[in-house]
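Each remark here refers to the structure printed beneath this line.
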Amino acid sequence: MIVRRRWMAAATTAILISAALSHPGPAAARAAADATPITLTATETALVRVRLRDQAQLDRLVAAGVDLANRPRARDGRILADLVLTGAQLADLTAQGATATQIVQRAGDGSRHFAESVRAAQARTAAGLRAPGAGQRTTTAAAVDTLAVQQAYWWTTGGQTFLQAQVATTATDDPDVEITVSWRTADGATGSFPLYRFEDAGEYQYHYNLPQPVPSRPVQLTATSSLGGVSRVVTPALWPNATPPPLPAGYQKDFIDAYLTPVDIQARIKRLGRQYRDLVDVIDLPNKTQGYRRTAVAYLGDPAAAAVVVESVRFGDRGMNGVQVRTVDPGRRNRPLTVGYRDRVLTVSLATDTAGKTVSTTDEVAAAINARQPNRFRATVEDGSAGLPMPVAGPTRLDDGLQGTEVPAKPWTVQALRLGVHRDGSRVGVLAYSQEHAREWATPLVTLEFAERMLANARTDPATRELLEQVDIFVIPTVNPDGANYSFNDYNFQRKNLVNHCTGPARDPKNRNSWGVDVNRNYTVGSYFDGYVGASANCLSGTYAGTAELSEAESGNVIALAKAHPNIRFAMNVHSYGGYFMWPPGAYRADGRITLPRPSIDESTLFLNSARRIVGAIAQERGTVTWPSQTGPVADVLYSAAGNSADQLYYELGIFAWDFEVGNDRWNPTTGEWEGVGFQPPFDEAHGESQEYAGGLVELVRVARDHAAAEAATG
Ligand SMILES: [Zn+2]
């Protein structure tokens with residue numbers, strides 16, 4: 001494993017999480033018996049799909065700042081959530097009634113993960129199709145509710161037809177109401193499945209199901225409730241029912257051969273700028289990032305007994321890596337505590353009493369370092385060490401702990417590509433940007449594949465040429481290169497940037513994988529600072545909002561580019577994973593779940609109709625269909641994300657701003673389960689995502705062109 005556990009206690013006890021799969025029914029029982037057990041050592045971190053006991057358990061996790069990778073989904077009456085957890089945390093959850101159903105990905109470097117995921121795939125056991133919906137509760141309640149079928153859609157992918165429904169009951173406050181959907185196909189086959197209640201922020205939203213396999217096109221659907229309510233009969237509609245223009249013969253695509261680090265992306269941008277000089281500008285964005293850099297740090301003493309954390313004020317690469325620190329016994333009576341720095345060694349000479357015994361405490365040592373060497377060092381007392389006698393310790397070396405060797409240790413210039421025949425602001429602008437979140441490795445592959453398709457085909461395909469005549473395209477492949485470098489070299493689940501705003505004990509290096517600001521919670525509209533939900537003031541949280549709105553270089557760059565080019569009217573913020581297609585509002589206030597203002601009816605129609613076109617284009621590549629239940633406003637289909645970029649682009653700058661979560665769940669016909677693909681899937685999957693979502697971005701360019709043409713026609 002490349003990730004060095006230098007800062008962690010070395011516990012290696014394996015914890016066996018048994019009962020990996022625990023669905024009801026005989027087929028599921030076989031699956032449970034045959035399934036590979038899910039194992040994680042106590043200190044190992046992994047992305048795990050967990051079936052939680054109840055909503056209260058999820059709420060406690062969210063309140064504790066858990067790293068939630070995906071929207072929790074109701075399933076089998078319980079909640080499925082993808083969480084980044086240590087083995088110890090998973091064991092705690094399991095003891096509280098949760099069940100791990102899938103290790104999506106383990107912490108470690110990419111190549112190790114590839115090998116594991118291949119083994120995992122080979123080990124997957126055959127278990128037969130899961131029987132749909134178990135027995136329904138008999139109707140005893142007197143009250144009769146009313147059911148409204150809000151959505152009923154079907155589609156076919158990979159030869160399998162799926163059905164998904166969303167139904168609302170008027171009995172919104174009854175948590176026990178059960179809703180069952182019955183369907184009939186054109187050739188007379190029938191069946192049924194249960195829906196699951198979906199609540200968000202404690203409020204009932206609707207009942208829905210994960211897409212269910214059906215034998216062929218369903219023509220009739222009704223819903224019934226345990227309170228006696230019956231919906232009207234509806235005909236499920238085809239989803240998304242939009243097909244992009246066919247690709248012309250000789251259309252060039254597939255420019256992605258491997259995952260790309262920020263250094264690779266920089267080289268790719270440079271090459272595209274050179275190769276397509278007449279169609280490309282390379283734009284240096286105004287805010288340089290901190291760079292792949294950290295301060296140098298060491299424990300002075302034993303963190304398990306008594307220790308002081310000593311940290312350099314400057315970054316480690318600025319001459320501070322390798323500096324040594326020690327405490328010494330002066331060997332004489334009645335000496336005061338002194339601090340000296342010479343020849344790159346910080347020496348703390350401990351105070352002694354009349355008998356010559358050292359008497360300085362950890363607090364006194366930390367205070368003395370801070371008082372005497374404030375320009376070079378910061379010292380804090382290790383948690384649990386306050387007031388303890390300071391031992392004679394060291395010399396020990398300060399180190400920034402960074403593992404990457406190919407990455408320049410200096411501020412980074414984030415770059416954008418500008419593509420088009422007329423790059424003068426006279427054409428409607430489209431902005432595609434990716435990797436706000438460092439660990440989402442597939443996302444720059446999407447935007448770079450998109451950019452190169454537009455450029456490579458411009459000379460040979462008249463339709464592509466026409467798009468570049470009419471549209472001004474901006475692409476930021478990696479918004480957060482510092483975090484991405486850390487994700488590739490140090491800790492693959494890194495989500496945030498590399499700026500450490502923590503103070504005091506939170507700067508303890510054991511927290512090194514939790515520092516940084518969530519770039520997509522640092523924007524100005526509907527922010528944490530405005531009282532919206534889905535971001536945190538805790539510098540160690542996965543959704544830390546920063547010290548203020550736009551406190552970070554990364555978020556400032558996105559807004560600066562959009563503001564500098566007011567012709568930008570459409571934007572796509574590319575994330576992973578889960579297979580979502582979303583638009584504003586992206587946040588609500590906790591109190592009463594009041595969202596940012598809803599778009600007008602006309603704008604909502606534009607968002608939805610355009611989304612159907614783009615979902616259709618994504619499906620064209622390898623049949624991946626983004627579910628209707630995951631297509632809609634962020635606040636409705638995912639969760640509240642206070643201070644996200646799309647909301648600022650839409651509400652402040654008037655840009656139609658969408659979000660992709662690429663990496664749709666894959667249907668496993670053997671187990672009858674939808675399986676998550678994770679942040680760094682085996683490259684074949686990431687490659688597939690890059691191809692299909694690049695096709696979606698090309699369709700977004702067509703949407704922008706059509707919108708501009710319609711506006712011009714109506715004057
Ligand atoms: Zn993301």
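The values are calculated or read from the model by the stated rules, or taken from the named source; none is laboratory data. Please read all numbers here as calculations on a predicted model, not as lab measurements. Backbone-built Cβ (ideal geometry, glycine too); neighbour counts: all protein chains shown.
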Selected residue [among the small types (Gly, Ala, Ser) and assigned to a strand (DSSP E or B)] from 273, 228, 250, 191
191
Name the residue, out of 541, 576, that is closer than 30 Å to residue 486 by Cα, touching a residue at least 24 places away in the same chain (Cβ under 8 Å) and touching a Phe, Trp or Tyr at 6+ places or on another chain (Cβ under 9 Å).
576
Qualifying residue in region 406-414 (condition: at pLDDT 95 or above and within 16 Å of the ligand (Cβ to nearest atom)):
no
Take the conditions out of contact with any helix residue (DSSP H, G or I) (no Cβ under 8 Å at 6 or more places or on another chain), aliphatic (A, V, I, L, M) and either part of a loop (DSSP other than H, G, I, E, B) or farther than 30 Å from residue 297 by Cα (or both) and apply them to residue 506. Does it pass?
no
Filter result for the condition that a residue is out of contact with any Pro (no Cβ under 7 Å at 6 or more places or on another chain) and within 19 Å of residue 658 (Cα to Cα), over 460, 447, 443
443
In this structure, is residue 663 crowded, with 18+ Cβ neighbours inside 10 Å, within 16 Å of the ligand (Cβ to nearest atom) and under 30 Å from residue 50 (Cα atoms)?
yes
Could you list, ordered by first residue, the pairs with Cβ atoms under 9 Å in which the first is in region 209-222 and part of a loop (DSSP other than H, G, I, E, B) and the second is among the charged types (D, E, K, R) and modelled with pLDDT of 95 or more, at least 6 apart or interchain?
210/665
Would you be able to tell me the number of residues in region 557-608 that are under 19 Å from the mean Cα position of the chain (by Cα) and of a type in the set (D, E, K, R)?
0
Might you check whether a residue that is touching a helix residue (DSSP H, G or I) at 6+ places or on another chain (Cβ under 9 Å) and within 16 Å of the ligand (Cβ to nearest atom) occurs anywhere in region 458-476?
yes
Out of all the residues in region 583-602, is one or more farther than 17 Å from residue 702 by Cα, within 16 Å of the ligand (Cβ to nearest atom) and of a type outside the set (A, V, I, L, M, F, W, C)?
yes
When only residues in region 525-556 that are under 20 Å from the mean Cα position of the chain (by Cα) and polar (S, T, N, Q) count, which is surrounded by the fewest Cβ atoms within 10 Å (Cβ to Cβ)?
538
(1) without any contact (Cβ under 8 Å) to a residue 24 or more places away in the chain; (2) within 16 Å of the ligand (Cβ to nearest atom) all hold for residue 679 apart from (1)
Do the conditions hold for residue 541, that is, is it farther than 16 Å from residue 659 by Cα, hydroxyl-bearing (Ser, Thr, Tyr) and assigned to a loop (DSSP other than H, G, I, E, B)?
yes
Just to be sure before I move on: is residue 240 touching a helix residue (DSSP H, G or I) at 6+ places or on another chain (Cβ under 8 Å), assigned to a loop (DSSP other than H, G, I, E, B) and buried (at least 17 other Cβ atoms within 10 Å of the Cβ) in the structure I sent?
yes
Of the listed residues (344, 372), the one being farther than 19 Å from residue 508 by Cα, touching a strand residue (DSSP E or B) at 6+ places or on another chain (Cβ under 7 Å), of a type in the set (Lys, Arg) and surrounded by 14 or more Cβ atoms within 10 Å (Cβ to Cβ) is 372
Hey, residue 167 of a type outside the set (S, T, N, Q), more than 28 Å from residue 664 (Cα to Cα), at pLDDT 85 or above and buried (at least 21 other Cβ atoms within 10 Å of the Cβ) or not:
no
Out of the residues in region 489-517 that are free of Cβ contacts under 8 Å to residues at least 60 places away in the same chain and in contact with a Lys or Arg (Cβ under 8 Å, 6 or more places away or on another chain), state the one that is nearest to the ligand (Cβ to nearest atom).
494
All positions within region 408-428 that are under 27 Å from residue 705 (Cα atoms) and not in a strand (DSSP E or B):
420, 421, 422, 423, 424, 425, 426, 427
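This table checks each residue for (1) touching a residue at least 24 places away in the same chain (Cβ under 8 Å); (2) of a type in the set (A, V, I, L, M).
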site	(1), (2)
343	no, no
351	no, yes
360	yes, no
375	yes, no
416	yes, yes
422	yes, no
425	yes, no
Need the failing condition index for residue 424 against (1) away from the ligand (no atom under 16 Å from the Cβ); (2) under 30 Å from residue 301 (Cα atoms); (3) modelled with pLDDT of 95 or more, just the number.
(2)
Residues of region 429-453 being among the hydrophobic types (A, V, I, L, M, F, W, C), in a helix (DSSP H, G or I) and within 13 Å of the ligand (Cβ to nearest atom), which ones?
442, 446
Somewhere in region 555-571, is a residue within 16 Å of the ligand (Cβ to nearest atom) and closer than 19 Å to residue 200 by Cβ?
no
